[in-house]
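Q: Just passing along the structure, written as structure tokens.
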Amino acid sequence: MTILSILEFPDERLRKKAAPVEVFDDALRRTVDDMFETMYAAPGVGLAATQVNVHKRILVIDVSDEKNAPLCLINPELLGRSGNGEMEEGCLSVPGIFEKVCRAESISFRAQDRNGDFFEMSAEGLLAVCIQHEMDHLEGKLFLDHLSALKRQMARKKLQKERRLREIHKAPRAAAAV
């Protein structure tokens, strides 16, 4: 398995809408395995293929404390949603930014597994939020899009500042004068 590079906001590739998966083969299963490996290493609880520059409708999730409940959704579609709740969200593509987002408290959905078999499920709480968050990625949306313009601008400035600091720490240091 391979750890993939995660795209970071404001990379425009994060805005690309994902295409449906039509072929369920070993290459797809390798992509799913690599996505799980990447998500666990990050560490995160969800990852959409868009975030690793694969523009197919694939997402992986594991919200368990023990990281032993992997869930792969291919070509997911919401069937229903109910209730509204706010939960603090973060994103591997928007590192270090956490904001409250309003989403449906419970959802039902249909998807295919890594072999192409269809299944339906219901989810609530963190799992429901995570699925909605990752499905947004497949549509080219980020959790920042659910925030006010002011909060989006503040997040952008914070990310720019953190990137500058990372670059400074990566730069080779000049030799000390003797």
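Q: For the chain, what is the accessible area per residue in Å², given a 1.4 Å probe and the full set of protein chains?
A: Heavy-atom accessible area per residue stands at 57 Å².
Q: Pairs of alpha-carbon atoms within less than 8 angstrom and 6+ residues apart define the contacts here; what relative contact order does the chain have, in percent?
A: 22
Q: Picking from Cys102, Cys72, Cys130, which is most flexible by a Gaussian network model of the chain using Cα springs under 10 Å?
A: Per the Cα network of the chain with a 10 Å cutoff, Cys102 tops the list.
Q: Give the angle, between 0 and 90 degrees and rounded to the nearest 10, that separates the Cα long axis of helix 125-138 from the longest principal axis of the Cα atoms of the chain.
A: Relative to the chain, helix 125-138 is tipped by roughly 70 degrees.
Q: Report, to the nearest 10°, how far helix 26-41 tilts away from the longest principal axis of the Cα atoms in the chain, using its own Cα long axis and a range of 0 to 90°.
A: Helix 26-41 sits at roughly 50 degrees to that axis.
Q: Still on this structure, please answer the following. In the stretch 1-100, what percent of the accessible surface is made up of carbon and sulfur (1.4 Å probe, ligands and nucleic acids excluded)?
A: 48
Q: Using 7 Å Cα-to-Cβ label points, what is the Gln160/Asp113 separation (nm, one decimal)?
A: About 4.7 nm separates the two model spin labels.
The values are calculated or read from the model by the stated rules, or taken from the named source; none is laboratory data. Small disclaimer: the values here were computed from a predicted structure and weren't measured. For neighbour counting, all protein chains shown are included, and Cβ atoms are generated from backbone atoms with ideal geometry for every residue, glycine included. Side chains included, ligands, DNA and RNA excluded: accessible areas come from the protein's heavy atoms. Shrake-Rupley method; radii C 1.70, N 1.55, O 1.52, S 1.80 Å.
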